[in-house]
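Just below is one structure, and these are the notes that go with it.
Quick note: the coordinates plus some simple rules give every number you see, no bench work behind them. Owing to the predicted nature of the structure, the values given are computational and were not obtained by experimental measurement. Here Cβ is always computed from backbone atoms with ideal geometry, including for glycine, and neighbour counts include all displayed protein chains.
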């Protein structure tokens, strides 16, 4: 089974306190983690803390982001929390000096393309780029994206919901896959596909490798 090109995960925080990790307290804890950690065992360096959040209208500090999410929450969604995590083996093919910019560019393209495909304008959002190592010691650059529960339309703000029957989650993953493919084509050229096949032959690929928790334990 071929390993996924990219793992894109979308979840949300409810405005109501429904156990650990939910409500305002749950969102605040998640935002502080994104701001100050690279993973559960590694604090972000002082250098990385500078301009930590990429602010696209939602805020540049966890307190500001939380306040704006509260202002723009819907009845059921306080904030959307996305993860965009390209495959580490493919990212290793990208020249090191271009990797961070590529992941950030893909993240922004995914956000914009997804909302456009759903008929919305792009909402204010913010994201953090994390740099961690996998269990195998590979660099795993990935982003955590925070978006409000409401999304802008021509007529005003409307709730954004993800309906599996409408295949909204499949659309999200398709867009992430396509945007990363195009980014690799622009950066490396089409030969990355051949190089990927060679890597798969050289390494044992786990059958559940498209599961986010295999790459990104939480």
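Put in line by how crowded their Cβ is, counting other Cβ atoms within 10 Å and starting with the fewest, 142, 130, 40, 61 read 40, 61, 130, 142. Simple spin-label estimate for residue 96 and residue 55 gives 3.2 nm between the two label positions (7 Å along the Cα-to-Cβ direction from each Cα).
For 45, 14, which order do you get if you count the other beta carbons within 10 Å of each Cβ and list the fewest first? Working shown, then result.
On the way: 45 10, 14 19.
The order, fewest Cβ neighbours first, is 45, 14.
Would you look at the GNM of the chain, springs on alpha carbons closer than 10 Å, and say which of 39, 89, 185 moves the most? Taking springs between Cα atoms under 10 Å, the residue moving most is 185.
Have a look at 171, 147, 27 and tell me which one the Gaussian network model of the chain (Cα, springs below 10 Å) gives the largest fluctuation. Sorting by GNM fluctuation, first place goes to 171. Here the sum of -39500 (n - 2.57) over DSSP H runs of 4 or more residues, divided by the residues of the chain, equals -12500 deg cm²/dmol at 222 nm, to the nearest 500. For segment 95-201, just say rounded, prolate or oblate: build the C-alpha gyration tensor, square-root its eigenvalues into a ≥ b ≥ c, call rounded for a/c under 1.5, and beyond that prolate if a/b exceeds b/c, oblate if not. Judged from the Cα gyration tensor, segment 95-201 comes out prolate (a/c at least 1.5, a/b above b/c).
Can you sort 146, 162 from fewest to most other Cβ atoms within 10 Å of each residue's own Cβ?
Working: 146 27, 162 16.
Ordered from fewest to most neighbouring Cβ atoms within 10 Å, 146, 162 come out as 162, 146.
Shape class for the chain: prolate, because the ratio a/c of the largest to smallest gyration tensor axis (alpha-carbon atoms, square roots of eigenvalues) is 1.5 or more and a/b beats b/c. Each of residue 155 and residue 139 was given a label point 7 Å from its Cα along the Cα-to-Cβ line. The distance between the two points is 4.7 nm.
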